[in-house]
Amino acid sequence: MHKYLVKRFLLMLPTLFGVALVTFLLIRVIPGDVVELRYAGDRGAVAQEILDQERARIGLDKPVWHQFLAWITGVARLDFGTSMWTGAPIWDEIKLRFTLSLQLAVMATLVAVALAIPLGVLAALKQDTWIDYAVRIFSIAGLSMPSFWLGIVMILVMLVAFKWLPPMVYTPFWVNPVQNLAQLIWPALAVGYRYSAVATRMTRSAMLEVLREDYIRTARAKGLMQKLILSRHALKNAMLPVLTVVALEFAFLIGGLVVTEQVFNLNGIGLLFVQAVAHRDYTLLQALVMLVAGAFIIVNFLMDIAYAWLDPRIKYR
Amino acid sequence: MRRPILVPIVLVVALLLASALPAPAQDKPRSGGELVFVVPSEPPGYDAHQEETFGLIHPMAPHYSTLLRVDPFDKTGTKPVGDLAESWTISKDQLTYTFKIRKGVKFHDGSELTAKDVKASYDKILNPPAGVKSLRKVAYTAIASVDAPDAGAFVIKLKYPEASMLLNLASPWNWIYKADILAKDPHWYEKNVMGTGAFKFVEHVKGSHWVGKKNPDYWDKGKPYLDGYRAIFISNSAAQVAAVRGERAMIQFRSFSPPERDSLVQALGPKIAVQESAWDCANLVAMHHEKKPFDDKRVRRALTLALDRYAGSQALSKITLVKDVAGIQVPGTPYATPPAELEKLAGYGHDIAKNRAEAKRLLKEAGVPDGFAFTFKNRGIPHPYEPLGIWLIDQWRQIGLNVKMEVIEASAYHPMLKRGDFEVAMDFQCGFIVEPDLDLPRFVSNSDANFGRHKDTVIDDLFSRQGRATDPDERKKILRQFEKRLLDEEVHVMYTLQWHRVVPHLAKVKGWTITPSHYLNNQLDTVWLSE
């Protein structure tokens with residue numbers, strides 16, 4: 001097991017290198033560059049000399065391989081450089097946004113799990129009853145509605161019916177929990193609902209499968225209480241696919257809430273992604289892709305460990 | 001029988017008396033409160049001499065002063081008044097400007113401002129040290145030298161008289177920095193804030209907001225009225241509207257679109273006030289003079305004659321940011337074309353049937369009687385580019401031209417124009433002060449922004465002459481000749497429609513006046529909240 005984990009851990013490095021290389025090359029294929037965007041914006045008349053001077057200052061005049069080498073050696077030392085747009089260290093650009101995105105991802109996951117597991121189990125236990133149908137309608141509605149659309153509807157309802165809008169500026173939880181939750185609870189609900197819809201359906205189908213297993217029938221034949229059968233035997237085994245969905249969705253939420261963050265004006269990683277692309281801020285964009293790729297890889301790694309804990313039959317070599 | 005006559009008399013007298021009374025208390029500036037406003041962009045760096053975006057001006061201008069400024073109550077945004085300069089004199093030959101610098105002005109670190117600081121700042125703008133950019137250096141080519149003979153005097157000497165010099169010195173970008181800091185590190189202001197403005201810097205949370213607080217030592221005693229301000233960065237336009245509608249923000253100083261204005265007025269009723277102005281931004285059409293058939297001025301003239309600008313203004317102003325039909329200057333400003341003159345230019349007459357008949361005749365004369373096909377390149381920004389592009393294509397089709405629109409992604413657009421990789425393309429310009437010397441250099445033959453690549457020594461000469469004409473009437477005459485040459489005789493470019501600036505704000509925001517430029521009037525020292 002330990003050997004396997006070390007091997008898995010070491011495999012992360014070539015994966016991250018591959019991501020770094022592909023990202024680096026792909027974003028340079030997009031037309032335009034940061035200098036054009038920053039200095040030839042509205043007025044459209046900036047001297048070529050200034051554009052050339054600025055390109056030289058941030059190293060865009062060097063050959064691509066040279067730029068890659070300089071960047072990747074920095075990454076190896078965990079130095080992602082500075083933003084080409086603002087000149088600030090990359091970590092300064094990311095840290096505040098990361099805190100918000102992480103909190104939102106955790107809150108949305110809590111909302112999703114709190115909805116998905118009880119509803120999924122209930123639907124499986126009451127298969128083909130009105131309860132099952134109600135849960136299925138609820139989850140299909142969640143799948144059908146993009147979270148940003150739900151967010152827009154929530155904002156409109158708050159504005160029109162209550163003449164109230166969530167705070168526009170992020171306050172960290174430890175500074176003012178009420179202000180923090182007043183801002184983040186709404187996107188967490190919008191995102192969590194869609195997220196729960198996937199997990200609810202997965203929980204339902206996994207539970208249905210497990211409940212038909214021989215060992216459940218044996219447990220029932222032995223006269224074990226239904227509560228115990230569900231919690232100790234059925235639910236734990238049904239959790240494997242649910243865990244996969246929840247974990248991957250969690251990793252996605254770190255950087256994937258591009259539109260939802262715009263709708264709620266959240267200063268998160270998704271919005272920063274959009275700005276980095278819009279500004280052609282190569283260094284920032286590369287760092288963000290590495291961050292999200294890192295999140296996926298770590299979540300996958302943790303999931304592998306969790307699988308072994310949930311199902312002792314799984315052995316890694 | 002007498003009473004019915006008396007009643008209206010008493011009412012009229014009462015109304016006259018009421019109108020003669022002083023303004024109600026709420027019209028007097030009131031101190032206190034925090035102004036919260038939305039900024040659709042964010043400053044990439046902090047040094048205005050090196051930046052180009054209103055995203056820097058809106059949150060940061062309140063921290064700084066300039067030598068002169070544009071009168072904050074002048075709706076044309078073209079009247080220079082003193083900021084750090086208490087007064088000034090101009091020599092008879094108009095080559096020497098001497099500014100008396102205010103006494104008692106303090107930087108936010110407590111040190112006193114002198115003419116030495118003004119000189120150091122202008123030195124940085126005119127002759128930046130190695131590795132430091134100065135984006136608007138080219139606007140000051142008339143300046144021979146700057147000097148600070150003593151702590152209270154700043155002197156500018158010119159190589160030749162320049163009509164626009166005073167207004168050019170009121171540039172909102174020319175923040176005055178501290179000389180000692182610049183001497184130690186000319187890059188210091190790229191990442192730090194320290195000026196003499198009405199508000200001191202508190203914090204900038206990247207991607208989120210910018211906060212300033214009242215400067216109690218501001219030189220203009222009694223100002224600013226606000227205790228502070230908070231600029232919230234919101235890029236999404238729907239979220240900007242929601243912020244004002246939900247009263248989380250009071251104003252967005254750039255502009256909203258007409259439908260956004262209407263939705264806010266409908267939702268907030270008397271709680272919202274709307275200020276509108278012609279905007280110092282315009283979309284032009286560049287035609288490549290080295291590509292056939294656009295090398296033929298008859299074809300270029302036919303293209304401008306096809307446009308029904310007046311009908312276009314009516315239709316497009318309902319859905320996007322454009323409105324006024326204008327020439328080379330913003331309507332309502334000192335050098336704008338009078339309507340009667342404007343109508344004489346090709347494509348500006350009201351008889352569209354006659355214009356289009358003339359356009360068809362010109363195409364026939366140029367050897368393309370059945371029209372021709374070409375590609376019109378447009379910038380990939382929804383407003384106002386997209387509706388304007390569709391309108392242009394429709395207008396050109398009405399004289400038999402077959403036009404295909406190709407939308408180019410915004411960041412790739414400017415390089416495309418510079419490469420000359422187009423036949424006909426949307427061009428654009430936004431100015432920070434309406435002034436021919438600032439707005440028109442792009443039309444000079446050797447300009448970096450002469451994307452159509454015309455070569456016209458007459459235009460070059462007229463541009464040079466108007467800039468040196470210090471008599472306003474003489475300057476107007478030359479400008480009209482310039483305009484006729486540019487838009488009518490040679491049709492080097494076409495102006496489509498002037499942008500229209502729409503700023504709806506909560507009615508409690510007072511003391512702010514809209515101008516044609518979204519770069520002006522952001523020092524906030526005159527702004528106050530009525531509740």
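Here is how the numbers come out for the structure above:
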item: Condition met for A:Phe148 (more than 30 Å from B:Val241 (Cα to Cα), within 25 Å of the chain's Cα centre (by Cα) and among the aromatic types (Phe, Trp, Tyr)); result: no
item: Selection from segment B:395-411 of residues that are in a helix (DSSP H, G or I) and touching an Asp or Glu at 6+ places or on another chain (Cβ under 8 Å); result: B:Gln395, B:Ser411
item: Verdict on B:Gly349 being of a type outside the set (Ser, Thr, Tyr) and in contact (Cβ under 8 Å) with a residue 60 or more places away in the chain; result: no
item: Filtered residue count, segment A:58-86, keeping only those that are at positive phi and surrounded by 15 or more Cβ atoms within 10 Å (Cβ to Cβ); result: 2
item: Residue match in segment A:112-125 (condition: more than 27 Å from B:Gly246 (Cβ to Cβ), buried (at least 16 other Cβ atoms within 10 Å of the Cβ) and free of Cβ contacts under 8 Å to residues at least 40 places away in the same chain); result: yes
item: Verdict on A:Leu159 being in a helix (DSSP H, G or I), within 12 Å of chain B (Cβ to nearest Cβ), closer than 30 Å to B:Ile232 by Cβ and more than 24 Å from the chain's Cα centre (by Cα); result: yes
item: When residues of segment A:170-179 are limited to those that are touching a residue at least 12 places away in the same chain (Cβ under 8 Å) and within 14 Å of chain B (Cβ to nearest Cβ), the one nearest to B:Gln240 (Cα to Cα); result: A:Tyr170
item: Set A:Ile50, A:Ile72, A:Ile117: member being within 12 Å of chain B (Cβ to nearest Cβ), of a type outside the set (Asp, Glu) and assigned to a helix (DSSP H, G or I); result: A:Ile50
item: Residues being hydroxyl-bearing (Ser, Thr, Tyr), surrounded by 19 or more Cβ atoms within 10 Å (Cβ to Cβ) and within 14 Å of chain A (Cβ to nearest Cβ) - total across segment B:255-279; result: 1
item: Residue check for B:Phe451: surrounded by 17 or more Cβ atoms within 10 Å (Cβ to Cβ), more than 11 Å from every other protein chain (Cβ to nearest Cβ) and not in a helix (DSSP H, G or I); result: no
item: Residues within segment B:454-472 that are of a type outside the set (S, T, N, Q), touching a helix residue (DSSP H, G or I) at 6+ places or on another chain (Cβ under 8 Å) and in a helix (DSSP H, G or I), tallied; result: 6
item: Within segment B:418-438, considering residues that are surrounded by fewer than 23 Cβ atoms within 10 Å (Cβ to Cβ) and assigned to a helix (DSSP H, G or I), the one nearest to the other protein chains (Cβ to nearest Cβ); result: B:Lys418
item: Looking only at segment B:358-370, and only at residues there that are free of Cβ contacts under 8 Å to residues at least 60 places away in the same chain, touching a helix residue (DSSP H, G or I) at 6+ places or on another chain (Cβ under 9 Å) and under 19 Å from B:Glu490 (Cα atoms), the one that is surrounded by the most Cβ atoms within 10 Å (Cβ to Cβ); result: B:Ala359
item: Every pair of residues 6+ apart whose Cβ atoms lie under 7 Å, when the first sits in segment A:86-99 and is facing another protein chain (nearest Cβ under 7 Å) while the second is of a type in the set (A, V, I, L, M) and assigned to a strand (DSSP E or B); result: A:Leu96/B:Val205
item: Helices (runs of 4 or more DSSP H) contained in segment A:242-317 and holding at least 3 residues away from every other protein chain (no Cβ under 14 Å); result: A:282-310
item: Residues that are farther than 20 Å from B:Asp324 by Cα, aliphatic (A, V, I, L, M) and not in a loop (DSSP other than H, G, I, E, B), drawn from segment B:346-394; result: B:Ala353, B:Ala357, B:Ala359, B:Leu362, B:Leu363, B:Ala373
item: Residue in segment A:168-177 that is assigned to a helix (DSSP H, G or I), surrounded by fewer than 19 Cβ atoms within 10 Å (Cβ to Cβ) and at negative phi present; result: yes
item: Candidate set: segment B:44-82, residues that are in a loop (DSSP other than H, G, I, E, B) and free of Cβ contacts under 8 Å to residues at least 24 places away in the same chain; chosen: the one farthest from B:Ala170 (Cα to Cα); result: B:Pro44
item: Failed item, numbered, when A:Ile27 is tested on (1) in a helix (DSSP H, G or I); (2) of a type in the set (Val, Ile, Thr); (3) closer than 20 Å to B:Arg379 by Cα; result: (3)
item: Subset of segment A:14-55 (residues that are loosely packed, with under 13 Cβ neighbours inside 10 Å and over 25 Å from the mean Cα position of the chain (by Cα)); result: A:Val29, A:Gln48, A:Glu49
item: All positions within segment B:157-207 that are within 14 Å of chain A (Cβ to nearest Cβ) and acidic (Asp, Glu); result: B:Glu190, B:Glu203
item: Subset of segment B:438-454 [of a type in the set (D, E, K, R) and free of Cβ contacts under 8 Å to residues at least 24 places away in the same chain]; result: B:Arg442
item: Conditions (1) free of Cβ contacts under 8 Å to residues at least 40 places away in the same chain; (2) more than 29 Å from B:Glu260 (Cβ to Cβ); number of the one not met by B:Gly389; result: (2)
item: Set B:Glu34, B:Glu52, B:Glu42: member being within 14 Å of chain A (Cβ to nearest Cβ), charged (D, E, K, R) and closer than 15 Å to B:Tyr229 by Cβ; result: B:Glu34
item: Counted residues, segment B:215-246 - those being within 8 Å of chain A (Cβ to nearest Cβ), in a loop (DSSP other than H, G, I, E, B) and farther than 23 Å from A:Ala278 by Cβ; result: 1
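Residues are listed down the side, and each one gets a yes or a no for (1) surrounded by 12 or more Cβ atoms within 10 Å (Cβ to Cβ); (2) in contact with a His (Cβ under 8 Å, 6 or more places away or on another chain):
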site: A:Ala161; (1), (2): no, no
site: A:Leu189; (1), (2): yes, no
site: A:Ala199; (1), (2): yes, no
site: A:Met207; (1), (2): yes, no
site: A:Arg212; (1), (2): no, no
site: A:Tyr215; (1), (2): yes, yes
site: A:Ala219; (1), (2): yes, yes
site: A:Met225; (1), (2): no, no
site: A:Leu230; (1), (2): yes, no
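Taken together, the values in this text are just the output of simple stated rules run on the coordinates, not laboratory data. What you are looking at is a predicted structure, and each value in this text was computed from that prediction instead of being measured. Glycine also receives a Cβ, built like all others from the backbone with ideal geometry; neighbour counts cover every protein chain displayed.
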